[in-house]
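Report on the following structure.
The values are calculated or read from the model by the stated rules, or taken from the named source; none is laboratory data. As the structure is a prediction and not an experimental result, all values here were calculated from the model. Please note: Cβ atoms are built from the backbone with ideal geometry, for glycine as well, and neighbour counts cover all protein chains shown. With ligands, DNA and RNA removed, areas are computed over all heavy atoms of the protein, side chains included. Shrake-Rupley method; radii C 1.70, N 1.55, O 1.52, S 1.80 Å.
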Amino acid sequence: MSAITLNDTEFSTGDLWVFGYGSLMWRPGFDFIERVPARLIGEHRALCVYSFVHRGTPEKPGLVLGLDRGGACRGIAFRIAEKHSAATIAYLREREQVTSVYREVKRSVWLENEARERVSALVYVVDRGHTQYAGRLSLTEQLRHVLQGHGQSGVNRDYVLATVKAIEAEGFRDSQLHRLAAMLHNQHPIHPSSAEDAASPGAHGSAIGHPPRRL
């Protein structure tokens, strides 16, 4: 499948904003001149992407984050100087679209600073029609994939725990990810209650947020 990217005409002149909700929060990989807590409305963070490269293989898929429909997501907005915009976009496409499971889009995000301004940011959201779209998995299913996942970028468990640590550093929680992290810390499967498995899509980010992460 070919990567879904924006046309050059869809990028305005001036500095570029990028919204990170997963591994970009703790390992952006590009130069930026400002880093601001931000909120995106209409999509939520979820472990909804099977990882075939960075945190797993086709034979033993890992599980990584994507932005899926509904709810809201707290993350980080990075401002990149205009002179570095093209290089940053190229880097993100190589990182996020290695298997084309993410769509490159622009979304409005609200900066959580004194100005409380709204900016248009580059975001990578999950392609629901892609074979790697996992949909809504139970915590038991998430745990199984994360425990088995190991790919080019390392162990899947480390990816999840690093993201939870980054979320906590920003002063909020993600209910689903934190429950999964507790299960990973226990180092053996804990069968979640039906209430946990039945958490609504909004609950994935109602803590509130959602990846890139890497695939």
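If you go through segment 41-53 one residue at a time, how many are in a loop (DSSP other than H, G, I, E, B) and either aromatic (Phe, Trp, Tyr) or open to solvent by less than 20 Å² (accessible area, probe 1.4 Å) (or both)? Walk me through how you get there before you give the answer.
Going residue by residue through segment 41-53, those that are in a loop (DSSP other than H, G, I, E, B) are 52-53.
Still in the list and also either aromatic (Phe, Trp, Tyr) or open to solvent by less than 20 Å² (accessible area, probe 1.4 Å) (or both): 52.
Matching residues across segment 41-53 total 1.
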For His145, state whether it is farther than 15 Å from Val64 by Cβ, open to solvent by less than 30 Å² (accessible area, probe 1.4 Å) and not in a loop (DSSP other than H, G, I, E, B). no
If you go through segment 128-140 one residue at a time, how many are of a type outside the set (S, T, N, Q), out of contact with any helix residue (DSSP H, G or I) (no Cβ under 9 Å at 6 or more places or on another chain) and open to solvent by 70 Å² or more (accessible area, probe 1.4 Å)? 1
Of everything in segment 78-116, what is in a helix (DSSP H, G or I) and over 25 Å from Asp127 (Cα atoms)? Give them in sequence order. Glu82, Lys83, His84
If you go through Val155, Val125, Val160, Val164, the only one that is aliphatic (A, V, I, L, M), open to solvent by 30 Å² or more (accessible area, probe 1.4 Å) and modelled with pLDDT of 95 or more is Val155
Of all the residues that make up segment 54-100, how many are buried (at least 21 other Cβ atoms within 10 Å of the Cβ), under 24 Å from Tyr133 (Cβ atoms) and among the small types (Gly, Ala, Ser)? 5
When residues of segment 18-36 are filtered for being in a strand (DSSP E or B) and farther than 18 Å from Gly66 by Cα, how many remain? 3
Number of positions in segment 137-163 that are touching a strand residue (DSSP E or B) at 6+ places or on another chain (Cβ under 8 Å), among the hydrophobic types (A, V, I, L, M, F, W, C) and farther than 16 Å from Leu24 by Cα: 2
